[in-house]
Amino acid sequence: LSILGCVLTASSGKVKLFTEDISNAQDSALAGLRLSYVGFVFQAHNLLASLTATENIAMLLELRGYAGKAATEEAHKLLSEVGLGDKFESKPGDLSGGQRQRVAIARALAGAPPILLADEPTAALDAQNGLAVTETLRALAKDHGHTVVVVTHDNRIFHLADRIVHIEDGLIVEKP
């Protein structure tokens with residue numbers, strides 16, 4: 001995910017983001033590509049505890065060029081899309097694990113990046129909330145045309161995938 005998300009460069013081979021070869025891109029160029037093209041859903045949410053759900057999303061929207069009021073309005077729209085229309089002013093500590101993960105999904109969708117990367121999005125959730133979060137990711141991907149890459153060990157959500165790639169020891173392996 002770090003290579004796909006323009007956080008790290010590959011130690012060998014070529015990496016293309018759409019048609020652009022980013023194999024030898026400088027850190028500043030990678031940061032710009034991340035901001036333009038990639039939304040992250042982190043395993044541990046990575047929400048800022050002192051900010052409300054709206055502010056956690058609006059901050060990223062402002063980095064992506066939205067003005068203050070427009071950023072707040074878009075954050076409210078995204079929170080409503082993930083079923084948190086009543087949690088605009090809630091801080092992460094006041095939300096359940098599933099709700100925090102849905103705020104993280106809304107933040108990943110902020111500014112409509114074409115690629116969403118999710119690192120073990122169900123790891124800290126019970127089965128019901130894990131399935132709900134994954135179904136939310138799938139529905140939003142289908143509705144908005146995003147490419148969603150989920151790295152997970154949670155075989156309970158495999159049935160939601162359009163494609164499954166198994167990796168062992170850094171290599172893609174065939175599975176029956």
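Can you give the Kirkwood hydrodynamic radius of segment 82-176 from its Cα pairs, in Å with one decimal? Mind dumping the intermediate values first?
Details: mean 1/r = 0.0697 Å⁻¹.
Kirkwood hydrodynamic radius for segment 82-176: 14.4 Å.
Express the relative contact order of the chain as a whole percentage, based on alpha carbon pairs under 8 Å and six or more residues apart in sequence. Don't skip to the answer; put the middle values down first.
Details: 242 pairs, mean separation 36.7, N = 176.
Reported relative contact order: 21 percent.
Residues with amide H under 5 Å of Val148's amide H, sequence separation 5 or more or different chain, H placed in the peptide plane at 1.01 Å from N; which?
Hits under the 5 Å cutoff: Leu116.
If r is the Cβ-Cβ distance from Ala67 to Ala31 and R0 is 22 Å, what FRET efficiency results, to the nearest 0.05? Let's see the in-between values first.
Working: r = 22 Å, r/R0 = 0.98.
Using R0 = 22 Å, I get an efficiency of 0.55.
Lys/Arg Cβ at +1, Asp/Glu Cβ at -1, dipole of the chain taken about the Cα centre: which of Val103, Leu8, Thr19 is farthest positive-ward?
So the residue furthest toward the plus end is Thr19.
Quick one: what does P(r) look like for the chain with 10 Å bins over all Cα pairs, in whole %?
Taking every Cα pair in the chain, the percentages come to 10, 36, 36, 16, 2, 0.
Round to a whole number: what % of the accessible area of the chain belongs to carbon and sulfur, probe 1.4 Å? It would help to have the intermediate numbers written out before the result.
Values: 5140 of 9960 Å².
Within the chain, the accessible surface is 52 percent carbon and sulfur.
Given R₀ = 25 Å, what would the calculated FRET efficiency be for His166 paired with Ser96, taking r from the Cβ atoms and rounding to 0.05?
On the way: r = 31 Å, r/R0 = 1.26.
So, using R0 = 25 Å, E works out to roughly 0.20.
Please give me the summed charge of the neighbours of Phe40: other residues whose Cβ is under 15 Å from its Cβ, Lys and Arg +1, Asp and Glu -1. Provide the component values of the computation, followed by the final result.
Numbers: positive: Arg34, Arg64, Arg100, Arg102, Arg107; negative: Asp119, Glu120.
It works out to a net charge of +3.
For segment 28-125, compute Rh as the Kirkwood radius over C-alpha pairs and then the Stokes-Einstein diffusion coefficient at 25 °C and 0.890 mPa s; write the answer in µm²/s, rounded to an integer. Walk me through the numbers on the way to the answer.
Working: Rh = 13.2 Å.
Roughly 185 µm²/s, to the nearest whole number.
Assign unit charges at the C-beta atoms only (+1 for Lys and Arg, -1 for Asp and Glu), then state the dipole size of the chain relative to its Cα centre in Debye, rounded to the nearest 20. Before the final figure, lay out each step's value.
Numbers: 16 positive and 21 negative charges, 38 e Å.
Using only the charged Cβ atoms, the result is roughly 180 debye.
Could you give the accessible area per residue of segment 1-82, probe 1.4 Å, as a whole number in Å²?
Working: 4660 Å² over 82 residues.
It amounts to 57 Å² per residue over segment 1-82.
Using alpha carbon centroids, what distance separates segment 124-140 and segment 1-52, in Å?
23
The values are calculated or read from the model by the stated rules, or taken from the named source; none is laboratory data. These numbers come from a predicted model, not from an experiment. Glycine also receives a Cβ, built like all others from the backbone with ideal geometry; neighbour counts cover every protein chain displayed. Quick note on the areas: whole protein, heavy atoms, side chains included, nothing else; ligands and nucleic acids left out. Shrake-Rupley method; radii C 1.70, N 1.55, O 1.52, S 1.80 Å.
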